[in-house]
Structures are given as structure tokens and as C-alpha cells.
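Quick note: the coordinates plus some simple rules give every number you see, no bench work behind them. What you are looking at is a predicted structure, and each value in this text was computed from that prediction instead of being measured. Cβ coordinates were reconstructed from backbone atoms using ideal geometry, including for glycine residues, and neighbour counts include every protein chain displayed.
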Amino acid sequence: MSTEAFYRVIDRKTRTHQLPVEYGKRTVEERVADFDEVICGFDIESAKAEASRCIQCPEPQACMLNCPAGNDIPEALWLISQGDFVGAAKVFAATSPLPEVCGRVCPNLCQRGCVLSRGYGSTSIGKLEAFAADIARKAGALSIEVPQVKSGKRVAVVGSGPAGITVAEDLVKRGHQVTVYEAWPVPGGVLIYGIPSFKLNKYVVLNKIRDLEDAGVNFITNTRIGESITVDDLLRQYDAVFLGTGAGVEATMNIPGEKLQGIYNSTDFLIRANVPTEMLPPDRRERPKIGRRVAVIGGGDTAVDCARSSIRLGAKEVTIIYRRTEIEMPGNKTERAICLEEGVKINYLQAPVEYIGDEAGQVKAMKVINMELGAPDSSGRRRPIKIEGSEFIQEVDTVILAVGYWPDPFLGEKTENLRTYKWGLILTNEELGATSRPGVFAAGDNVHGPDLVITAIATAHNAANNIDAYLRGESIPWIDPDNKKT
């Protein structure tokens with residue numbers, strides 16, 4: 001055992017267990033008036049105190065096991081407790097290219113494994129990660145180091161969200177030339193166009209894009225692969241192609257009245273509500289018009305984001321309508337609590353069955369039915385069942401649909417022999433990221449469906465490792481037309 005490890009064990013055995021150190025948060029009155037970040041985070045002394053609560057568990061540490069990317073959390077928290085914030089940020093960055101982002105938006109799977117959670121409250125790992133990364137950013141310590149000798153290989157990355165950013169960084173670090181194609185006007189994908197600024201300020205993402213550009217990554221925006229440029233075109237220009245297009249097609253409920261004015265899908269609403277107009281396509285620069293009473297349909301993080309955005313746009317009554325109970329509700333509990341602080345209400349065990357419009361075609365009410373829970377469905381959650389005869393009318397001025405996402409089937413339809421399933425998910429060997437097209441890899445939400453930023457990062461690391469192996473001439477087991485690995 002090293003001297004440092006010995007003293008860490010002594011420290012673990014002698015320290016007292018304390019309750020969590022509170023981090024800063026803007027007041028409700030202040031934060032609902034703008035789209036600035038709500039969480040102020042720690043200062044130096046409070047960060048050190050909170051990190052010192054980590055008892056440096058012996059291996060295997062549950063926090064690390066719970067992190068899809070395998071961040072060395074005990075090491076990072078030890079460094080923070082000693083005041084080495086840059087060193088801690090580098091530990092996080094060794095396994096995640098987006099510590100500033102994950103520290104802000106991850107639902108903190110790692111904290112669920114913290115052994116302090118039952119008796120004392122888990123260590124605030126995410127907020128500490130963001131704090132350390134912000135200090136390292138100001139110190140200029142998060143630049144991407146690339147080799148002077150290049151491989152001569154060229155890779156096209158389609159999509160600049162978490163998966164695309166991860167693959168671009170991993171490959172440019174190995175000497176490959178990387179070009180990223182993005183359909184939106186600004187790189188960043190869902191990090192710019194899907195997550196509201198009150199959770200993740202745009203500059204945090206743009207700083208990362210700048211790091212990649214400084215490392216030699218080229219970004220081509222306003223370009224949707226499959227239209228004027230196809231995957232086959234890319235394969236003729238590049239040695240490998242990575243598809244990280246996410247899952248941005250919204251599900252619908254297919255109930256009467258969904259086409260009425262005043263009914264938005266969540267993506268269009270969030271984009272136009274919180275993205276600076278200069279980052280938007282010309283046809284989406286008008287802010288959404290909302291009324292006094294807003295209903296958000298759905299129960300995940302997107303529904304919460306839409307509700308909080310509605311408050312900031314001036315709505316007086318905002319209600320989330322969810323067909324199950326809070327126990328089954330997906331998403332980040334901390335963000336949901338902040339949402340309730342800001343005045344949003346949640347009506348459980350309800351679902352709309354019809355939207356009602358006025359003479360001008362504007363939504364004015366919705367017919368809602370009460371639900372009860374039956375046996376678990378394929379998701380493992382209890383299935384909601386309509387209670388016949390329980391319908392009632394709820395007056396609304398605006399409705400926002402946040403009922404789920406699917407990947408865009410467009411790319412699969414436009415790319416010959418690229419196997420897809422479940423309405424557009426790209427078929428891969430997820431351990432390798434290999435698709436049914438030799439030279440084409442994929443990872444992230446377009447492979448496994450909507451998930452967390454850190455999950456996309458973890459699977460994209462796997463894909464990048466195997467793209468590098470492929471570029472070095474190693475054999476890759478591609479998916480065959482019968483869904484079997486060849």
C-alpha cells in the first residue's frame with residue numbers, strides 16, 4: 001500500500017459522518033424571471049467540505065459501479081477535498097469528455113450507490129464534478145492534447161451531441177482527422193437544442209466545441225446526412241463513418257384535436273423557448289405563444305423542462321398531466337422538486353383523451369380521464385388503465401406534448417443495407433458499435449433509444465475504440481442481414 005493510500009484509509013476510519021453541505025441555488029423569484037442556470041453550486045470551502053464526506057470505500061466502490069462511464073469518483077473527490085480542483089477535473093475528464101455537462105445534467109446514478117445515502121445523505125458528486133470542471137476550464141486545463149504525428153485516416157461523425165463529441169475527441173486524440181456533420185446551425189446537438197439553459201448554459205457546450213476545433217476537429221453545420229450528402233457519399237470520402245444522430249422524433253398520442261393551434265410538441269417548444277435566436281433556423285426564431293393556463297402531457301425530464309420553461313414565458317398556471325403515480329415517474333427527482341418549487345403542479349393518474357378547440361381552431365380545453373394502475377407492462381412499471389365514466393373537462397390555453405422520443409428513421413431509409421429495428425433504431429453490436437454496413441459505426445440514443453448523456457458517452461467510447469481498431473486494420477464483426485454477428 002502506498003503512503004498516500006495508507007493515510008487515506010486512516011482518514012476514512014477517523015472522520016465523522018456529517019450531513020450534506022448545501023450548495024447554492026438562486027431564489028425562486030429570481031430564477032423564474034430568466035433562463036439563466038438555477039444552480040450556483042459550491043464555493044471552494046464548501047466544495048472541500050462536501051468532498052471530505054466521501055469515506056473512500058474499498059474496492060469495488062458502488063459509486064463507480066453505478067457510473068456507466070466508470071468515472072474514478074473516489075479519486076476525484078479525494079483531490080477536491082485536498083483543494084486540487086484541476087486534478088479532480090482531469091480525473092473526471094479521463095473517462096468523460098463532458099465533465100462540465102454531466103455535472104450539471106446527469107441524474108447522478110453514482111450518488112444512488114453512495115453508501116452514505118441511507119443514513120447521512122449521499123455526497124453531491126455531480127455538483128462537485130461541475131465545480132471542479134468549471135475551475136479547470138478557467139485555468140485553461142481542459143484542452144485536448146493530440147499527437148503531432150497523424151494517422152492519415154479520415155473519419156466522418158454524423159451528429160454533434162454527446163455520442164458524436166465523445167467519438168470526435170477519442171479519435172482526434174489518436175491522430176485521426178475528424179469531420180463532424182450537424183443538421184442544426186450550431187454544433188452541440190441535444191446539449192444545445194434539447195436541454196434548457198436554466199439547466200445547462202449554452203456557453204458550457206460551446207466551450208467544448210471550441211476545444212475540439214482547437215484540437216483540429218472540423219464542424220460542418222446545417223447539413224442533414226441523407227439528403228444532399230448520403231452515408232454512401234461519406235464512405236467514398238472517409239475511411240470510417242460514425243452515426244450519432246440521437247433520438248429526436250417525438251411520439252404522439254393520436255387523439256382527437258392534436259392539430260389544434262396552441263398545441264406544441266416538446267422539441268419545437270423547447271428549442272424556440274430557450275435557444276438564442278441567432279442559433280436557430282430562420283423559420284423557428286419566433287418564441288412560442290402561450291396562454292395563462294398550460295398543460296404539459298408526460299412525466300419525464302422533458303415534461304419538467306417544458307413546464308419550467310412555460311413559467312419563464314409568463315404562464316400563470318402550469319400543470320403536468322401524468323398517467324401513473326410519482327413512484328413510476330421517470331426522470332430526475334431533484335429537477336422535479338425544483339419544478340414544484342417554481343409553482344408547477346403535477347396531476348397523477350390522469351390522461352387526456354381529446355383536445356377541444358374554439359371557433360378559430362385554438363385549443364381551449366381538454367377532456368381528461370382518470371386512471372388506475374394494473375399489472376406491470378414491458379417497462380416493469382404498472383400499466384395505467386382508464387377508469388370508464390371518469391372523464392372531465394379541464395380548461396387550457398396551451399398544451400405541450402412530452403410523451404417520448406424515437407430515432408429518426410430517415411437515415412436508415414436513405415442508407416442501403418443499414419439495418420434498423422423498432423421504428424428506426426440502428427442495429428449494432430453494442431459492445432463494438434458495429435452496424436450492418438462495413439465501415440459504419442453507431443452509438444447513443446439512435447441505437448438504444450432515449451437515455452442519459454453519460455450512457456451515450458459510455459457506448460460512444462466503445463465505438464471509438466473499435467473505429468480506431470478498424471482504421472488500424474483489425475477485423476470487425478459486422479452485423480449480418482439476419483441480425484447475426486459475422
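Roughly how far apart, in whole Å, are the Cα centres of the stretch 193-225 and the stretch 62-107?
Using only Cα atoms, the two centres lie 21 Å from each other.
Between N218 and E326, what length comes free when the chain is fully extended (0.36 nm per residue of separation minus the Cα-Cα distance, one decimal in nm)?
Answer, rounded to one decimal: 34.5 nm.
Binning at 5 angstrom from zero up to the longest distance, how are the C-alpha pair distances of the stretch 161-215 distributed in percent?
Percent of Cα pairs in each bin: 4, 19, 32, 24, 13, 6, 2, 0.
Using the count of nearby Cβ atoms within 10 Å as a rough guide to exposure, how do L142, L206 rank from fewest to most?
Values: L142 20, L206 16.
Final ranking by Cβ density, sparse to dense: L206, L142.
On the Cα set of the stretch 364-468, report Rg and Dmax in Å, please.
Reported Rg and Dmax, both Å: 19.7, 60.
Given R₀ = 22 Å, what would the calculated FRET efficiency be for E250 paired with D34, taking r from the Cβ atoms and rounding to 0.05?
For E250 and D34, the calculated efficiency is 0.25.
List nothing, just return the count: lysine pairs in the stretch 332-486, 8 or more apart or interchain, with Cα separation under 20 Å.
On the way: K333/K345; K345/K364; K345/K367; K367/K386; K414/K422; K422/K484; K422/K485.
Counting lysine pairs in the stretch 332-486 gives 7.
Among 381-393, 318-330, 446-458, 268-280, how do they line up from the highest to the lowest mean number of other beta-carbon atoms within 10 Å?
The densest-packed peptide leads the list: 446-458, 318-330, 268-280, 381-393.
Using a 7 Å offset from the Cα along the Cα-to-Cβ direction at both R26 and R382, what is the distance between the two label points in nm, to one decimal?
3.9
What is the sum of charges, Lys and Arg at +1 and Asp and Glu at -1, for the other residues whose Cβ falls under 14 Å from the Cβ of V186? Please list the in-between numbers first.
Working: positive: K202, K208, R210, R284, R285; negative: E182, E213, E278.
Value of the local net charge: +2.
Exposure proxy check: L411, L349 ranked by fewest other beta carbons within 10 Å? Please list the in-between numbers first.
Numbers: L411 23, L349 18.
The most exposed by this proxy come first: L349, L411.
Could you calculate the contour length gain from R287 to R112, that is, 0.36 nm times the residue separation minus the distance between their Cα atoms, to one decimal place in nm?
59.2 nm
In nm, what is the difference between 0.36 nm times the number of residues separating Y120 and I44 and their Cα-Cα distance?
25.2 nm
Over 39 Å, how big is the tail of the calculated P(r) for the chain, in percent of all Cα pairs?
Taking all Cα-Cα pairs of the chain, the fraction more than 39 Å apart is 27 percent.
Take S310, S266, S117, S81 and order them by how many other Cβ atoms sit within 10 Å, fewest up front.
The fewest-first ordering by Cβ neighbours comes to S117, S81, S266, S310.
Using a cut-off of under 19 Å, list every residue of the stretch 188-208 whose amide N is near the label point 7 Å from the Cα of S143 along the Cα-to-beta-carbon line.
In the stretch 188-208, the label zone of S143 (backbone N under 19 Å from the point 7 Å along Cα→Cβ) covers 206-208.
Could you tell me the calculated FRET efficiency between K367 and S228, based on Cβ-Cβ distance and R0 = 41 angstrom, to the nearest 0.05?
Details: r = 44 Å, r/R0 = 1.08.
Efficiency, from the Cβ-Cβ distance: 0.40.
Take every Cα-Cα distance within the stretch 126-248, group them into 10 Å bins from 0 onward, and report for each bin the whole-number percent of pairs it holds.
13, 42, 33, 11, 1
Per residue, how much space in cubic angstrom lies within the convex hull of the C-alpha atoms of the stretch 252-403?
121
When the helices in the chain are scored as -39500 (n - 2.57) per DSSP H run of 4 or longer and the sum is shared across all residues, what 222 nm value do you end up with, to the nearest 500 deg cm²/dmol?
Rounded to the nearest 500, the figure is -9500 deg cm²/dmol.
How far apart, in nm, are two points set 7 Å out from the Cα along the Cα-to-Cβ line at A375 and at Q261?
Here the modelled spin labels are 4.8 nm apart.
For the stretch 3-138, state the semi-axes of the equivalent ellipsoid (square roots of 5 times the eigenvalues of the alpha-carbon gyration tensor), sorted largest first and rounded to whole angstrom. Please report the intermediate quantities before stating the final value.
Numbers: eigenvalues 119, 54, 42 Å².
Square roots of five times the eigenvalues give 24, 16, 15 Å.
Under a Cβ-Cβ cut-off of 11 Å, what is the net charge of the residues other than I125 that fall near it, where Lys and Arg count +1 and Asp and Glu count -1? Intermediate results must be reported in sequence, preceding the final value.
Details: positive: R53, R112, K127; negative: E50, E129.
Taking every other residue near I125 into account, the sum is +1.
Between E431 and A94, what is the label-point separation in nm under the 7 Å Cα-to-beta-carbon projection?
For A94 paired with E431, the spin-label model returns 2.5 nm.
For the stretch 415-443 and the stretch 326-391, what is the separation of their C-alpha centers, rounded to whole Å?
35
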